[in-house]
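Read through the structure below, which is laid out as structure tokens, and then see the notes.
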Amino acid sequence: MARQDLLEFLKQGLDALDFKGDVSLDWDKKSHSFVVDLVFYIENKAGQQMEDADGILSDEPIIAFSDAILIYDGKKGLAGYDADDFLACLAFDGKEGWSLAYGKAFLTYLQIIMDNGTRDLMKFFADDEDEIFELEWSDEEFSRLLKNAESEYPRQSLHYPKF
């Protein structure tokens, strides 16, 4: 059985996550990076006006909130991406990619973020007092999950894909 590369691992792992929104994976071969896009949807039954990050008001029946995670080659750097545009920026080690434990911790934490994000978006929409909704990434929580995964998964690499 051939070992999975990072691209296949991410595709299969993202497909297996439980999420009512949209998750997509874009691979930029030129910059050796991946972008995981998350789109959350909420029904706007009352026709409330919501202001997005760009100051645009919307009272659409379905409101979408999106965020993204950058996975980049740590040996090449951010390759022109702006870290402020992402929920998180996670490096991989060139051709070596990620360890299986790192990948498993990422998918576990991403599921937590999606679950919490869905719950928090519903609370935000129902509560007039909250002015801003944004997803939260905790390096400490991710590190804790990674430590647990390292003790659970073999020292296998998810190499950067050949093309």
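Look at Ser138 and say whether it is surrounded by 17 or more Cβ atoms within 10 Å (Cβ to Cβ) and hydroxyl-bearing (Ser, Thr, Tyr). Criteria not met by Ser138.
Residues that are surrounded by 11 or more Cβ atoms within 10 Å (Cβ to Cβ) and either basic (Lys, Arg) or touching a helix residue (DSSP H, G or I) at 6+ places or on another chain (Cβ under 8 Å) (or both) within segment 1-23 comprise Arg3, Gln4, Leu6, Phe9, Leu10, Lys11, Gly13, Leu14, Leu17, Phe19, Gly21, Val23, listed in sequence order. The residues in segment 24-70 that are in contact with a helix residue (DSSP H, G or I) (Cβ under 9 Å, 6 or more places away or on another chain) and closer than 30 Å to Lys95 by Cβ can be counted, and the count is 11. For segment 134-158, a residue qualifies if it is of a type outside the set (A, V, I, L, M) and not in a loop (DSSP other than H, G, I, E, B), and the qualifying residues are Asp139, Glu140, Glu141, Phe142, Ser143, Arg144, Lys147, Asn148, Glu150, Ser151, Glu152, Ser157.
Here is a yes/no grid of residues against (1) surrounded by fewer than 19 Cβ atoms within 10 Å (Cβ to Cβ); (2) modelled with pLDDT under 95; (3) of a type in the set (Phe, Trp, Tyr):
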{"residue": "Ser58", "(1), (2), (3)": "yes, yes, no"}
{"residue": "Pro61", "(1), (2), (3)": "yes, yes, no"}
{"residue": "Phe65", "(1), (2), (3)": "no, yes, yes"}
{"residue": "Gly77", "(1), (2), (3)": "yes, yes, no"}
{"residue": "Tyr81", "(1), (2), (3)": "yes, no, yes"}
{"residue": "Asp84", "(1), (2), (3)": "yes, no, no"}
{"residue": "Leu90", "(1), (2), (3)": "yes, no, no"}
{"residue": "Trp98", "(1), (2), (3)": "no, no, yes"}
{"residue": "Tyr102", "(1), (2), (3)": "no, no, yes"}
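Might you check whether a residue that is under 28 Å from Arg155 (Cβ atoms) and surrounded by fewer than 14 Cβ atoms within 10 Å (Cβ to Cβ) occurs anywhere in segment 29-37? Among the residues of segment 29-37, at least one is under 28 Å from Arg155 (Cβ atoms) and surrounded by fewer than 14 Cβ atoms within 10 Å (Cβ to Cβ), which makes the answer yes.
If you take the residues in segment 107-133 that are assigned to a helix (DSSP H, G or I) and charged (D, E, K, R), which one is farthest from Leu90 (Cα to Cα)?
That would be Lys123.
Please determine, by comparing only the residues of segment 132-156 that are among the charged types (D, E, K, R) and in contact with a strand residue (DSSP E or B) (Cβ under 9 Å, 6 or more places away or on another chain), which one is nearest to Leu70 (Cα to Cα). Here the answer is Asp139. Quick one: would you say Tyr109 is of a type in the set (Ser, Thr, Tyr), closer than 20 Å to Asp15 by Cβ, without any contact (Cβ under 8 Å) to a residue 40 or more places away in the chain and out of contact with any strand residue (DSSP E or B) (no Cβ under 6 Å at 6 or more places or on another chain)? Answer is yes for this residue. Is it true that Val35 is assigned to a strand (DSSP E or B), closer than 25 Å to Leu7 by Cβ and out of contact with any Leu (no Cβ under 9 Å at 6 or more places or on another chain)? The answer is no for Val35.
In segment 1-26, the residues that are outside any helix (DSSP H, G or I) reach residues that are of a type in the set (Lys, Arg) with C-beta atoms within less than 7 angstrom, at least six apart or across chains, in these pairs: Leu25/Lys11. Residues in segment 50-94 that are assigned to a strand (DSSP E or B) and either over 28 Å from Glu129 (Cβ atoms) or of a type in the set (Val, Ile, Thr) (or both): Ile62, Ile63, Ile69, Leu70, Ile71, Tyr72, Asp73, Cys89, Leu90, Ala91, Phe92.
The values are calculated or read from the model by the stated rules, or taken from the named source; none is laboratory data. What you are looking at is a predicted structure, and each value in this text was computed from that prediction instead of being measured. Neighbour counts run over all protein chains shown; Cβ positions are idealised from the backbone, glycine included.
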